[in-house]
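Here the structure is laid out as structure tokens; the discussion comes afterwards.
Here, each number is a calculation from the coordinates, and none is a lab measurement. Computed from a predicted structure; not experimentally measured. Note: ideal-geometry Cβ built from the backbone for every residue, glycine included; neighbour counts use all protein chains shown.
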Amino acid sequence: MNAMSVRTQSSEQPAEAAHRAGFACFVGRPNAGKSTLTNALVGQKVAITANQPQTTRHTVRGIVHRPDAQLILVDTPGLHKPRTLLGERLNDVVRTTWAEVDVIGFCLPANEKIGPGDRFIAKELAGIRKSPKVAIVTKTDLVDSKTLAEQLIAIDQMGKELGIEWAQIVPVSATANKQVDLLADLLIPMLPEGPALYPEGDLTDEPEQIMIAEFIREAALEGVRDELPHSIAVVVEEMLPREDRPADKPLLDIHANVYIERPSQKGIIIGPKGKRLKEVGIKSRRQIEALLGTPVFLDLHVKVAKDWQRDPKQLRRLGF
Ligand SMILES: Nc1nc2c(ncn2[C@@H]2O[C@H](COP(=O)(O)OP(=O)(O)OP(=O)(O)O)[C@@H](O)[C@H]2O)c(=O)[nH]1
Ligand SMILES: [Mg+2]
């Protein structure tokens with residue numbers, strides 16, 4: 001290299017990378033780890049998670065801020081074969097979302113072989129030409145390297161069979177925080193150039209009332225089985241500052257209804273002598289207080305909304 005070229009190089013500063021901002025959605029079967037991954041990327045809980053399928057019931061936006069980019073993650077309900085009107089509505093939400101984003105992240109758990117549910121989604125993704133698709137292998141902490149390698153190969157193979165060109169195949173563990181930042185690094189270059197879309201510091205655009213209802217639902221989901229998780233819906237009815245409190249000791253009264261579908265489910269939710277409902281209250285109250293930064297009195301009522309998952313009128317009332 002001669003002196004000339006050395007000088008040329010040193011006088012040319014690398015062009016400042018343009019700021020990028022845009023949307024990436026996570027899709028996948030129920031329980032694939034989409035919401036946990038969203039939270040890990042954002043660095044705070046914006047979406048509730050549970051070890052049960054169909055936890056997420058609306059799209060949740062989580063915002064990742066970088067000096068050179070704003071990555072808005074759109075966590076979606078798990079796509080599944082619908083058995084109820086609610087299920088159909090959730091699937092519609094997912095399909096609308098992936099038509100609107102800049103990049104699609106398809107989540108496949110490392111610890112489960114690719115199944116018909118995954119293939120069903122992959123086939124639909126194959127039909128979307130416009131956005132790049134990234135395959136994300138989730139829960140890698142649960143498998144050894146051989147199993148992971150086999151999964152990577154299987155995903156590559158599935159892409160070839162269905163005519164999907166994966167922009168990347170990225171293994172991550174949200175709970176062990178492995179390769180989570182790397183995933184953001186890979187998604188950001190796929191976003192369009194442009195200024196930030198949300199104010200600095202905003203981690204989600206979820207209304208407080210919705211987040212509170214979700215925290216309560218998450219606590220109520222813990223430890224319930226079979227059909228009951230699907231039957232639970234939570235609505236915050238009222239949030240009011242308690243009157244006659246000194247300015248330095250505020251208290252926020254929150255009234256929320258926990259809906260179930262049948263009277264027979266009431267006992268399980270409430271528990272013996274109300275023990276379970278009380279635990280749900282304590283657990284969710286802590287999270288609500290952390291969210292709002294103020295002490296809260298949480299008043300929970302259990303109500304029956306008969307077969308709400310199948311009833312258009314009830315669904316509307318519950319916000320679907
Ligand atoms: N070990 C391990 N578990 C994980 C990881 N990510 C998610 N999980 C667990 O997997 C379960 C499902 O996670 P979610 O994030 O709720 O899954 P989801 O894809 O959002 O599910 P739906 O909202 O029902 O579609 C939860 O019990 C999580 O704790 C991970 O990286 N490692
Ligand atoms: Mg979810």
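Quick notes on this structure:
- Normalised contact order of region 62-150, rounded percent, pairs of Cα under 8 Å and 6 or more residues apart: 25
- Listed peptides 66-79, 290-303 by packing density, highest first (mean Cβ within 10 Å): 66-79, 290-303
- Hypothetical label at Glu165: residues of region 114-151 whose amide nitrogen lies under 20 Å (7 Å Cα-Cβ projection): 122-136
- Per-pair calculated FRET efficiency, R0 = 45 Å: Glu16 and Lys283 via Cβ, rounded to 0.05: 0.45
- Computed on the chain, with alpha-carbon pairs under 8 angstrom and 6+ residues apart, the relative contact order is 17 percent.
- Point-charge dipole on Cβ atoms (K/R +1, D/E -1) for region 118-161, about Cα centre, debye to 20: 300
- Whole-number D in µm² s⁻¹ for region 208-317, Kirkwood Cα-pair radius fed into Stokes-Einstein, 20 °C, 1.002 mPa s: 147
- Each peptide in 101-107, 193-199, 59-65, 224-230 receives the mean, over its residues, of other Cβ atoms within 10 Å, and ordering these scores from highest gives 101-107, 59-65, 224-230, 193-199.
- Tail fraction, Cα-Cα pairs, region 82-188, threshold 21 Å, whole percent: 39
- Charge dipole (Cα centre; +1 on Lys/Arg Cβ, -1 on Asp/Glu Cβ; no other charges) of the chain amounts to roughly 1220 debye.
- Greater than 24 Å apart at Cα, pairs in Lys45/Lys130; Lys34/Lys273; Lys34/Lys306; Lys45/Lys139; Lys178/Lys278; Lys133/Lys178: Lys45/Lys130; Lys34/Lys273; Lys34/Lys306; Lys178/Lys278
- Selected from Ala174, Gly159, Leu148, residue furthest toward positive end of dipole (region 126-185; charges at beta carbon): Gly159
- Counting DSSP beta bridges with both ends in region 208-317, the antiparallel % (nearest 5): 45
- Modelled spin-label separation between Lys81 and Lys303, with each label point placed 7 Å from Cα along the Cα-to-Cβ direction: 3.5 nm.
- Amide H within-cut-off set for Leu252, under 5 Å, with H built and near neighbours excluded: Arg242, Val296, Phe297
- Inverting the pair-averaged 1/r between distinct Cα atoms of the chain gives 21.6 Å as its Kirkwood hydrodynamic radius.
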